[in-house]
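Just below is one structure, and these are the notes that go with it.
Bear in mind that the values in this text are calculations on the coordinates, not laboratory data. Since the structure is predicted, the reported quantities are computational estimates derived from the model, not experimental observations. In this analysis, Cβ positions are derived from the backbone assuming ideal geometry, glycine residues included, and neighbour counts consider all displayed protein chains.
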Amino acid sequence: MQLAVFVVDGVADFGLSAVLEAFDMADALRADMERPPAEWIVHTVSLGSSAQSSRGHIIPTTPLSELSGQPIDTMIVPAVNVLGAAALVDLVSDAVNGPVLDRIRGAHADGVHLAAACTGTYFLAEAGVLDGSPATTSWWLGPNFRNRYPRVHLDETRILCHGNQVTTAGAVLSHLDLALSLVHRTSPDLAERASRFLAHGNRTGQWQYVIPEVMARGNPLIAAFERWVREHISDQFLIATAARELGVTERSLQRAVRADLAMSPKDFADDIRLERAVYLLRSTTLTVDAIASQVGYLSGGALRALIRRRRGLSVTEIRGTRAVR
């Protein structure tokens, strides 16, 4: 199995290391298996003979042009260390990265399985290889990604997303999920063993990490709505009331939230309430009824039902994990 890890200047050190370590671990564990899968030959590649990481480390690489005699099965694009969406768009659309996008398109046309995590997903999207495919990215990039790449079927709540000849993953730690999922395609047993050696937990989605106020930042109306909801979080309000007090029609609010966040204003308000409720469940001994009252629900039963419906968890499961302090 020939694997190319395609790096550019500014590659995130952790993401690159996570991918390489996961495949090193999987290869090391092959020897313990009765019927091991084929080994992975991992090439760290770029357009030249080296790249510089975001921390300033020089990474020796094999020029992609020198791999012409070794057909690549899978190509992974790790993240670049750019946090802001606008700066990331500037980076991937810059003429200097045109050859990078051309290489990605060429690999896709040749039948190579493409994979990327976190900000690396923007390179695949900019190259057009995610068009028509389900995909995910870092949760805070969702609104920008959705608006720039409307042909991609984005679901930023997911940690992993498998499409046609492409695999994408969410925020930085998801590089490990991405690498293990690629091992799983060849050997589920080996992926499970590697996961245990890496003490890799079962993370089913990005929802637990989402910060609603960050999601709202890119649109002034949504940001104002997010602040309004927090100010009225213990009230049972109508979306029409929020829209009126924000000086817009309910339809305008619905349209803005749907376009940027792919959800309704009511669902976004529920997420804001749930963020607060989950924090209280993890950090206090308040009863579920008391917490429900603080976040605008009539009963603990209503809150339990919402948590189960929106998060797929029980109150007991949420209380079993501590809040970050």
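Just a few scattered comments:
- Exposure proxy shown here: for 14, 225, the number of other Cβ atoms within 10 Å sets the order, fewest to most, as 14, 225.
- Antiparallel DSSP beta bridges within the chain, as percent of all bridges there, nearest 5: 25 percent
- Residue separation of residue 52 and residue 231 scaled by 0.36 nm, minus their Cα-Cα distance, works out to 59.9 nm of gained length.
- Least to most buried among 175, 162 (fewest other Cβ within 10 Å first): 162, 175
- Segment residue 83-residue 41, extension gain: residue separation times 0.36 nm, minus the distance between their alpha carbons: 12.0 nm
- Taking all Cα-Cα distances within the stretch 211-319, those exceeding 19 Å account for 43%.
- Residues whose amide H comes within less than 5 Å of that of residue 5, counting only those at least five positions distant or on another chain, are 43, 44, 45, 76 (H built at 1.01 Å from N in the peptide plane).
- Identified option (computed percent of Cα pairs over 31 Å apart; candidates (1) 49; (2) 29; (3) 39): (3)
- The chain - percent relative contact order, Cα under 8 Å, separation 6 or more: 13 percent
- Extension gain (nm, one decimal) between residue 245 and residue 70, 0.36 nm per residue minus Cα-Cα: 56.7 nm
- Counting neighbouring Cβ atoms within 10 Å and putting the fewest first, the residues 156, 213 line up as 213, 156.
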